[in-house]
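A short worksheet on the structure shown next.
The values are calculated or read from the model by the stated rules, or taken from the named source; none is laboratory data. Here the structure is a predicted model, which means the values were calculated and not measured. Methodologically, a virtual Cβ is constructed for each residue, glycine included, from the backbone with ideal geometry; neighbour enumeration extends over all protein chains shown.
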């Protein structure tokens with residue numbers, strides 16, 4: 001089964017930080033290239049990824065960052081979101097929520113390590129929960 005998914009930045013960072021391929025964050029990002037997850041993104045989300053991934057504290061190589069951004073463009077689907085009026089604890093997360101809402105009629109998910117930053121909905125999941133849904 002294939003699903004649309006918005007990836008919160010913390011999932012991307014965690015997937016790049018881990019040295020183990022069997023972690024849920026690594027597996028959920030790997031599911032993109034396997035064709036099991038189709039990432040949804042907007043230019044604002046890609047800009048956020050880039051801004052965070054280039055932070056000195058992470059020391060990610062430019063090659064790794066560019067490869068990841070290209071993977072999202074190649075395998076993903078650009079989405080123009082419309083305002084939802086939702087108020088979130090961290091309003092910087094609103095863009096992720098609004099993008100997933102554009103594809104909810106197609107069972108899109110938002111994958112995050114910060115569940116508490118979003119409203120309680122069954123389509124807002126952790127990487128481990130997404131992997132359970134994929135049955136991988």
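Which one of the conditions (1) surrounded by 15 or more Cβ atoms within 10 Å (Cβ to Cβ); (2) farther than 29 Å from residue 107 by Cβ; (3) in contact (Cβ under 8 Å) with a residue 40 or more places away in the chain does residue 65 fail to meet, given that it meets all the rest?
(3)
Output the residues belonging to segment 28-41 that are in contact (Cβ under 8 Å) with a residue 60 or more places away in the chain and crowded, with 21+ Cβ neighbours inside 10 Å. Working first, answer last.
Here is the first cut: in segment 28-41, the residues in contact (Cβ under 8 Å) with a residue 60 or more places away in the chain are 28, 31, 36-37, 40.
28, 31, 37, 40, listed by residue number.
Given the criteria without any contact (Cβ under 8 Å) to a residue 40 or more places away in the chain and surrounded by fewer than 16 Cβ atoms within 10 Å (Cβ to Cβ), does residue 115 qualify?
Working: without any contact (Cβ under 8 Å) to a residue 40 or more places away in the chain: yes; surrounded by fewer than 16 Cβ atoms within 10 Å (Cβ to Cβ): yes.
Yes.
Exactly one of (1) modelled with pLDDT of 95 or more; (2) more than 12 Å from the chain's Cα centre (by Cα) is unmet by residue 81. Its number?
If we test residue 81 against (1) modelled with pLDDT of 95 or more; (2) more than 12 Å from the chain's Cα centre (by Cα), just (1) comes out false.
Somewhere in segment 126-135, is a residue modelled with pLDDT of 95 or more and farther than 15 Å from residue 25 by Cα?
no
Evaluate the following for residue 98: is it over 23 Å from residue 4 (Cβ atoms) and in a helix (DSSP H, G or I)? Talk me through it step by step, then tell me what you get.
Values: over 23 Å from residue 4 (Cβ atoms): no; in a helix (DSSP H, G or I): yes.
No, not satisfied.
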